[in-house]
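The values are calculated or read from the model by the stated rules, or taken from the named source; none is laboratory data. All figures in this text were calculated on a predicted structure; none of them were measured in a lab. FYI the Cβ positions are ideal-geometry reconstructions off the backbone, even for glycines, and counts take in every protein chain you see.
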Amino acid sequence: MTIPEPPGTDGLSEEDRELIRRAHHRLRKASQELEALLAPRSMRGRWEPVVPPPEVIDAVRSELSAAYREVGRLHHELLGWEPT
C-alpha cells in the first residue's frame, strides 16, 4: 500500500524533505525548551521550580523565533506555501 503525498509536496527531493524535517524538529525542540522554562510542573518530593534569568528566556525565545522563521522560509521556498 502506498501512502499518498501531502498536498504540495510532490517533486521534493530527499534532501528537501530532510531540510523540512530538521527545521520542524528544531522548532519543536525550541518550543519544548521554552515551555520547560516558563511552565514547569512541580513534582511532589522534588525541588520547586525557579524563575530562570531573563537572559536565558531571551535566548530561548530568540531560538524559537529563528526556528519558526526557518520553517516558514522552507515552506515558502520548497512548497510555495505562504506563511500565515
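I'm told R41 meets every condition in (1) part of a loop (DSSP other than H, G, I, E, B); (2) of a type outside the set (A, V, I, L, M); (3) modelled with pLDDT of 90 or more except one. Can you identify the failing condition by its number?
Of (1) part of a loop (DSSP other than H, G, I, E, B); (2) of a type outside the set (A, V, I, L, M); (3) modelled with pLDDT of 90 or more, only one is false for R41: (3).
What number of residues within region 36-84 satisfy the criterion of being loosely packed, with under 12 Cβ neighbours inside 10 Å and over 30 Å from G11 (Cβ atoms)?
16
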